[in-house]
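Let me begin by presenting the structure, written as structure tokens, before commenting on it.
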Amino acid sequence: MGERNSGSKSSRWSLQGMTALVTGGSKGIGYSIVEQLAELGATVHTCSRNQAELNESLNEWTAKGYRVTGSVCDITSRVNREELIATVSSQFNGKLNILVNNVGTNVQKQTLDLTAEDFEFLMNTNLESCFHLSQIAHPLLKASEAASIIFISAIAGVVATNLASIIYSAAKGAINQVTKNLACEWAKDNIRTNCVAPGPIRTPLLDKHSKEETVMNAVISKTPLGRIGEAEEVSSLVAFLCSPAASYITGQIICVDGGFTVNGLHLV
């Protein structure tokens, strides 16, 4: 059961002929994922809340010869999510090989300062939207007969850190468990499900905090590789997990963090 690597060696590392949906692909890690999938041959649809930002990205990909389309979508809206899947279904003739649930956000507050509105917003954006989108994309993924779902989690869902709010961390931890459950439940439908959990990655969101030099220095000091990661170091793993070369990998949460989550106490 499940897809197998029966093609040539080169085809095992190609996404040629595959279709993909990447949420939040107009900037940061999402942008890099769209570009990586398209570069390997996939036809990609992405979405963003910002029309101008989306158009700018689409123009850049068109100039590079990539097959990428996009639509405006507020991923926190249930109606918008349903419209997005309808668009993708129409565009890809009812079949989808790859779903990358990339959209996520954080509210940087201490626990006692978090409000009921913060809880609803963070859980909706980081957990509910990904869960619901996977549900309604299931018929398209199953129809492709060889599909892959990738959740973008975070190391905050694996270890305790004050770099993210407790609600964000809880939502990302829940995504890790959703990954494991769907991997088991949907294996019969030839759908593999994996999760990529980035550490601090150089993105527009991180740039807001990078001005706090002491924070960045502290992060780097706890990272064995001694630096902040780059978006393409996340997208390359996503692309691999979507490829036929990863056909026996499912239910995994893989941290891309320069060793941050495995770094213990080192006595000199």
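The values are calculated or read from the model by the stated rules, or taken from the named source; none is laboratory data. Predicted model only: the values in this text are computed from it and were never measured. Don't worry about glycine lacking a Cβ; one is built from the backbone with ideal geometry, like all the others, and counts go over all protein chains shown. Side chains are part of the model used for accessible areas, which takes the heavy atoms of the whole protein and leaves out ligands, DNA and RNA. Shrake-Rupley method; radii C 1.70, N 1.55, O 1.52, S 1.80 Å.
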Taking protein heavy atoms only, a 1.4 Å probe, and rounding to whole percent, the accessible area of the chain owed to carbon and sulfur comes out at 54
Taking a straight Cα-to-Cα line shorter than 12 Å from K109, and setting aside same-chain aspartates and glutamates fewer than 8 residues away, one finds D118
Residue-ordered couplings for the range 103-111, obtained by feeding phi - 60° into the Karplus form 6.51 cos²θ - 1.76 cosθ + 1.60 and rounding to whole Hz (Gly and Pro as x), are 4, x, 8, 9, 10, 7, 9, 6, 3
Cα-Cα longer than 26 Å, checked against K27/K142; K172/K222; K95/K180; K142/K180; K64/K180, kept in input order, equals K27/K142; K64/K180
For the pair R202 and E39, the simple spin-label estimate (label points 7 Å beyond Cα toward Cβ) gives in nm 1.5
With x for Gly and Pro, the residue-by-residue ³J(HN,Hα) of the range 185-191, computed from phi through the Karplus equation 6.51 cos²θ - 1.76 cosθ + 1.60 at θ = phi - 60° and given in whole Hz, is 5, 9, 4, 5, 9, 6, 10
Helix-only [θ] at 222 nm, the chain, -39500 (n - 2.57) per DSSP H run of 4+, per residue, nearest 500, equals -13000 deg cm²/dmol
Checked against the positive end of the charge dipole of the chain (+1 on Cβ of Lys and Arg, -1 on Cβ of Asp and Glu, about the Cα centre), the farthest of V34, T125, P244 is P244
Diffing the range 214-224: the Karplus 3J(HN,Hα) column from phi (6.51, -1.76, 1.60, θ = phi - 60°), in whole Hz with x for Gly and Pro, holds 5, 5, 5, 5, 5, 4, 4, 5, 8, 9, x
For 89-97, 215-223, 148-156, 162-170, ranked highest to lowest by mean beta-carbon neighbours within 10 Å, the order is 148-156, 162-170, 89-97, 215-223
Using eta = 1.306 mPa s and T = 10 °C, Stokes-Einstein with Kirkwood Rh from Cα pairs puts D for the range 34-129, in µm² s⁻¹, at 105
Which residues qualify? For H45, with a placed amide H closer than 5 Å and at least 5 residues away or on another chain, they are A20, L21, V22, T69
Nearest-0.05 FRET efficiency for R12 and S77 at R0 = 51 Å, using Cβ-Cβ distance, is 0.85
Computed over the chain, protein heavy atoms only, probe 1.4 angstrom, the accessible area per residue in square angstrom equals 49
Given a Förster distance of 35 Å, the FRET efficiency implied by the Cβ-Cβ spacing of H132 and N55, rounded to the nearest 0.05, works out to 0.85
Plugging the Cβ-Cβ distance of I249 and T214 into 1/(1 + (r/R0)^6) at R0 = 41 Å yields, to the nearest 0.05, a FRET efficiency of 0.60
Amide H contacts under 5 Å for T193, restricted to residues at least 5 apart in sequence or on another chain and with H modeled in the peptide plane, are I149, G251
In whole angstrom, the spacing between the Cα centers of the range 159-197 and the range 69-147 equals 14
